[in-house]
1. Over the chain, with a Gaussian network built from C-alpha contacts below 10 Å, which listed residue (101, 41, 128) shows the highest mean-square fluctuation?
2. What is the dipole size for the stretch 40-174, taken about its Cα centre, with +1 at each Lys and Arg Cβ and -1 at each Asp and Glu Cβ, in debye to the nearest 20?
3. Between residue 80 and residue 139, what is the label-to-label distance in nm when each label sits 7 Å out along the Cα-to-Cβ direction?
4. In bins 10 Å wide, starting from 0, what share of all Cα pairs of the stretch 10-75 does each bin hold, as a percent?
5. Taking θ = phi - 60°, what integer Hz values does the Karplus form 6.51 cos²θ - 1.76 cosθ + 1.60 yield along the stretch 44-50, in sequence order, with x for Gly and Pro?
6. Which of 72, 83, 116 sits farthest toward the positive end of the charge dipole of the stretch 61-148, with +1 on the Cβ of Lys and Arg and -1 on the Cβ of Asp and Glu?
7. Amide H of residue 151 versus every other amide H placed in the peptide plane: which residues, excluding those fewer than 5 positions away on the same chain, fall under 5 Å?
8. Taking springs between alpha-carbon atoms closer than 10 angstrom, which of 65, 102, 209 fluctuates most in the Gaussian network model of the chain?
Amino acid sequence: MKLSIRSIFKKRETFSECPPADKLPAHIAFIMDGNGRWAKKRGLPRSAGHAAGTEALREIIRTCSDIGIKHMSIYAFSTENWNRPKDEVDALMKLITRYFKSEIDELTEKNVRITILGGLDAFPPEQKQELISAMERTKNNTGLKLNIALNYGGRAEILSCVKEIARESAQGALDPEAITYDTISDRLYTKGQPDVDLLIRTGGDERISNFLLWQTWYAELIFEKTYWPDYSKERLFADLNVYAGRERRFGRTDAK
Ligand code: IPE
Ligand code: IPE
Ligand code: MG
């Protein structure tokens with residue numbers, strides 16, 4: 001039996017059932033945080049934490065796809081993460097490329113459609129091509145829409161949308177009075193997808209860190225102490241049950 005680095009350290013957790021389909025979020029987002037601390041706690045290099053994190057990611061994508069979630073966004077690399085030491089950035093880039101190579105067949109087979117959120121021009125040509133071909137190859141898939149945020153920043157996304165709108169207005173193609181929320185939503189990487197219903201951040205920190213700022217406007221937030229490599233199907237089901245029990249009022253006095 002092949003033992004992965006994560007399974008060696010994984011604790012047994014109590015199983016809880018997934019809520020019924022009508023109680024599930026249409027769009028779930030994850031800030032996959034805590035890889036470095038997971039590794040440090042075990043005396044391993046940070047890169048081992050990132051590698052273990054990809055195993056958790058595989059389990060969570062599979063589960064979201066199996067239970068019928070329609071949209072899933074994952075924060076893999078932020079515009080701010082370029083400020084990390086070069087060796088960590090290089091290790092992350094290698095891991096991301098390896099991840100795409102090893103997972104694309106299963107994702108294609110599982111009918112998953114991949115969208116990259118973020119500027120692709122920041123990546124070396126070969127890696128950029130890999131990312132474009134993952135989107136191309138899965139573009140007709142009708143199952144889980146998987147958004148992978150890479151070189152992504154919520155502010156950068158909104159700024160480029162504002163520039164586009166300003167350009168169109170200056171050219172007379174867009175009447176400023178006719179600008180609606182949809183005018184903005186339609187110019188974001190998540191165009192055509194519903195806003196985030198549930199945002200889960202692992203790792204214990206309670207902040208958004210520039211992720212999907214526009215799309216999370218009314219999202220339910222869950223902050224998990226669990227480090228991402230320890231995040232599991234069981235934890236996800238527990239979080240989905242918490243979400244199912246929340247009352248979403250959207251400013252009203254009772255739930256919609
Ligand atoms: C999240 O884990 C992964 C990325 C940001 C790529 P971290 O690397 O931020 O892990 P911690 O927060 O230092 O533990
Ligand atoms: C957020 O984690 C980015 C990703 C998970 C990719 P960070 O670890 O970079 O966030 P901060 O810096 O602690 O807010
Ligand atoms: Mg972190």
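1. Residue with maximal mean-square fluctuation among 101, 41, 128: 41.
2. Roughly 320 debye for the stretch 40-174.
3. 3.4 nm
4. It works out to 18, 41, 31, 10, 0, in whole percents.
5. 9, x, 3, 4, 5, x, 5
6. Going by the charge dipole, the pick is 72.
7. 77, 78
8. Of 65, 102, 209, the most mobile in the Gaussian network model is 102.
The values are calculated or read from the model by the stated rules, or taken from the named source; none is laboratory data. Source: prediction; values computed, not measured. Glycine gets a Cβ as well: all are built from the backbone with ideal geometry, and neighbour counts include every protein chain shown. Areas reflect the complete protein model, heavy atoms only, side chains present, ligands, DNA and RNA absent. Shrake-Rupley method; radii C 1.70, N 1.55, O 1.52, S 1.80 Å.
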